[in-house]
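Q: One structure is given below, represented as structure tokens, and several questions about it will come after.
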Amino acid sequence: MPRITYVEATGAETTIELAEGWSLMQGATANGVEGILGECGGSCACATCHCYVDEARLGDLPAASENELAMLENAAAERQPNSRLACQIKATSALDGLVVHLPETQE
Amino acid sequence: MFSFDPYSPAVDADPFPYYKRLRDDYPCFWSPEAQMWVLSRYADIVSAGQDWQTYSSASGNLMTELPNRAGATLGTTDPPRHDRLRGLIQSAFMKRNLESLGEPIRAIAKDAAEELRGGRSFDFKDFSSKFTVRVLMAALGLPSGNEAIVDEQTVREKAVLMVQSDPHTRAKGPEHLAAYNWMQDYASKVIAMRRAEPRNDLISNFAQAEIDGDRLDEREVLLTTTTLIMAGVESLGGFMMMFALNLADHAEARQAVVRNPAQLADAIEESLRFNTSAQRFRRRLMKDVTLHGQTMKAGDFVCLAYGSGNRDERQYPNPDLYDIARKPRGHLGFGGGVHACLGTAIARLSVKIAFEEFHKVFPDYRRVAEQLAWMPSSTFRSPLVLELAVG
């Protein structure tokens with residue numbers, strides 16, 4: 001199972017082994033990672049699962065869809081080139097060891 | 001011999017002991033009565049909800065599907081069509097775009113609560129149904145006031161009826177289909193009104209929307225509008241009944257949210273976990289899947305029992321305890337994945353405002369009847385009547 005490390009804005013790190021196919025948002029909310037809210041339940045409709053993906057690994061992720069790029073406009077924290085929505089990233093073996101940083105605020 | 005019949009009145013009344021047996025002993029269970037598999041563990045439901053390629057919604061998502069709906073609504077299409085349809089609608093339901101509705105919703109809640117002031121006991125539905133229909137009319141831009149084309153409580157009655165099913169035939173009965181037809185007729189009249197004189201509201205915009213330069217299929221416009229009205233009225237009203245029931249049964253929780261209304265948000269989340277009105281939805285397998293030693297075949301239907309996943313002790317410790325301090329993140333009260341409820345933000349906002357205002361008039365109440373009459377539905381769960389005594 002791919003291991004994903006979430007780094008909260010406070011610096012607190014949590015590493016979770018995610019079932020293949022689970023989104024990084026669901027992995028976070030089901031395991032007590034506070035910095036991801038996922039208010040809409042994973043339908044790419046709220047931008048409260050904003051995260052910053054380790055830039056060196058960006059190429060390992062499928063590109064963001066139009067819907068995701070549009071929804072990122074609504075993110076509460078600063079949008080950066082490595083901004084993604086965690087609900088749109090599904091855990092696969094290619095992402096093993098991925099580190100995502102979480103913003104200070106999601107709303 | 002264990003059986004799980006989602007049409008049974010016993011399951012309407014209290015599905016939770018069945019769910020526990022399912023999770024512990026039959027996590028991938030074939031229900032002959034429902035003619036589908038039942039997934040009941042949190043992790044299995046989340047996995048299935050993520051995997052729309054395997055667990056398709058295109059053959060319908062209600063446990064007992066309404067005729068002609070599959071393939072024509074948000075809940076009954078798969079990506080990429082689903083995503084394009086949803087893209088047309090969802091901005092209207094985003095939290096930041098709902099801010100202007102806050103004051104109208106509060107006025108509706110105040111009115112509905114004031115109408116009951118002075119009563120010593122009443123059916124909570126008298127509050128929730130008035131509130132729900134008026135909020136939905138405001139949110140969707142349905143004709144109301146002088147413009148109204150139907151009685152508002154008829155809209156509610158038909159919405160509640162069309163989601164029900166017959167416990168004996170395990171199918172929709174003639175009264176349910178008649179309600180569905182009534183709602184389609186109503187939706188089509190509203191669509192025609194908004195096309196003739198478009199306004200800046202959801203239905204006007206949707207009725208004229210295009211995807212890749214093509215107008216939406218007429219069936220998509222009609223049935224998506226029909227479903228928005230049904231889901232809005234029935235799901236919001238049903239959840240309010242469940243939330244009132246929880247607060248009536250748990251006096252400490254009620255006192256806490258009356259004292260500090262900011263805690264309503266946490267109580268709403270716990271109620272969505274504890275006994276969401278959206279108990280079970282359906283998917284259809286696009287390929288064979290083997291799970292817990294059972295092989296489910298391509299073409300088989302699968303029930304995702306959200307209400308069970310929310311009580312899974314593998315995810316939530318002490319799951320049968322109603323605890324408003326729990327903050328049950330990741331709950332399945334709105335489903336999950338691409339088909340997670342479109343109305344999460346308006347539901348949270350409306351229910352919070354409704355109970356803030358209701359509690360100003362009625363801070364103390366308790367349930368009158370020990371036994372409740374539950375709605376006969378394979379998909380949704382809420383009491384038909386909730387008699388409350390004041391004080």
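The values are calculated or read from the model by the stated rules, or taken from the named source; none is laboratory data. Since this is a predicted model, take the numbers as computed values, not measurements. For neighbour counting, all protein chains shown are included, and Cβ atoms are generated from backbone atoms with ideal geometry for every residue, glycine included.
Q: Residues that are more than 24 Å from B:Gly60 (Cβ to Cβ) and of a type outside the set (D, E, K, R): find the helices (runs of 4 or more DSSP H) completely inside segment B:234-351 holding 3 or more of those.
A: Ranges flagged: B:236-249, B:251-259, B:264-275.
Q: What are the pairs, 6+ residues apart or on separate chains, where a residue within segment A:56-71 that is within 14 Å of chain B (Cβ to nearest Cβ) has its Cβ under 8 Å from a residue that is surrounded by fewer than 12 Cβ atoms within 10 Å (Cβ to Cβ) and modelled with pLDDT of 95 or more?
A: none
Q: Next up: Kindly list the number of the only condition in (1) surrounded by fewer than 23 Cβ atoms within 10 Å (Cβ to Cβ); (2) in a helix (DSSP H, G or I); (3) more than 14 Å from chain A (Cβ to nearest Cβ) that fails for B:Glu33.
A: Every listed condition holds for B:Glu33 apart from (2).
Let's see how each residue does on (1) at pLDDT 95 or above; (2) β-branched (Val, Ile, Thr); (3) part of a strand (DSSP E or B); (4) buried (at least 21 other Cβ atoms within 10 Å of the Cβ):
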residue	(1), (2), (3), (4)
B:Val150	yes, yes, no, no
B:Val155	yes, yes, no, yes
B:Ala159	yes, no, no, yes
B:Thr169	yes, yes, no, no
B:Ala178	yes, no, no, no
B:Met183	yes, no, no, yes
B:Met193	yes, no, no, no
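Q: Kindly indicate which of A:Ser83, A:Ser93 is more than 14 Å from chain B (Cβ to nearest Cβ), surrounded by fewer than 22 Cβ atoms within 10 Å (Cβ to Cβ) and touching a helix residue (DSSP H, G or I) at 6+ places or on another chain (Cβ under 6 Å).
A: A:Ser83
Q: Do the conditions hold for B:Val351, that is, is it touching a Lys or Arg at 6+ places or on another chain (Cβ under 7 Å) and of a type in the set (Val, Ile, Thr)?
A: Numbers: touching a Lys or Arg at 6+ places or on another chain (Cβ under 7 Å): no; of a type in the set (Val, Ile, Thr): yes.
Judged against the criteria, B:Val351 is not a match.
Q: As an exercise: evaluate A:Thr29 against (1) of a type in the set (S, T, N, Q); (2) more than 8 Å from every other protein chain (Cβ to nearest Cβ); (3) without any contact (Cβ under 8 Å) to a residue 40 or more places away in the chain and give the number of the one condition it does not meet.
A: Here A:Thr29 clears every test but (2).
Q: Among the residues of segment B:321-334, count how many are surrounded by fewer than 23 Cβ atoms within 10 Å (Cβ to Cβ) and either under 30 Å from B:His82 (Cβ atoms) or among the basic types (Lys, Arg) (or both).
A: To start, the set of residues in segment B:321-334 that are surrounded by fewer than 23 Cβ atoms within 10 Å (Cβ to Cβ) comprises B:321-323, B:325-329.
Retained after the next criterion (residues that are either under 30 Å from B:His82 (Cβ atoms) or among the basic types (Lys, Arg) (or both)): B:326-329.
Summing the residues that are surrounded by fewer than 23 Cβ atoms within 10 Å (Cβ to Cβ) and either under 30 Å from B:His82 (Cβ atoms) or among the basic types (Lys, Arg) (or both) in segment B:321-334 gives 4.
So that you can scan it fast, the table gives a plain yes or no per residue for (1) touching a Leu at 6+ places or on another chain (Cβ under 8 Å); (2) under 13 Å from B:Ala354 (Cα atoms); (3) within 14 Å of another protein chain (Cβ to nearest Cβ):
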| site | (1), (2), (3) |
| --- | --- |
| B:Lys95 | yes, no, yes |
| B:Leu98 | yes, no, yes |
| B:Pro104 | no, yes, no |
| B:Ile108 | no, yes, no |
| B:Arg120 | no, no, no |
| B:Phe127 | yes, yes, no |
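Q: Also, quick follow-up: Give, as residue ranges, the strands (runs of 3 or more DSSP E) completely inside segment A:1-79 that count at least 2 residues that are among the charged types (D, E, K, R).
A: Answer list for segment A:1-79: A:13-17.
Q: Of B:Val351, B:Val390, which residue is closer than 21 Å to B:Ser235 by Cα and either surrounded by 15 or more Cβ atoms within 10 Å (Cβ to Cβ) or at pLDDT 95 or above (or both)? Give the steps one after another, and end with the answer.
A: On the way: B:Val390 fails: closer than 21 Å to B:Ser235 by Cα.
Only one candidate qualifies: B:Val351.
Q: Test B:Val11 against the stated conditions and say whether it is free of Cβ contacts under 8 Å to residues at least 12 places away in the same chain and within 30 Å of B:Ala179 (Cα to Cα).
A: Considered against the rule, which asks whether it is free of Cβ contacts under 8 Å to residues at least 12 places away in the same chain and within 30 Å of B:Ala179 (Cα to Cα), B:Val11 comes out as yes.
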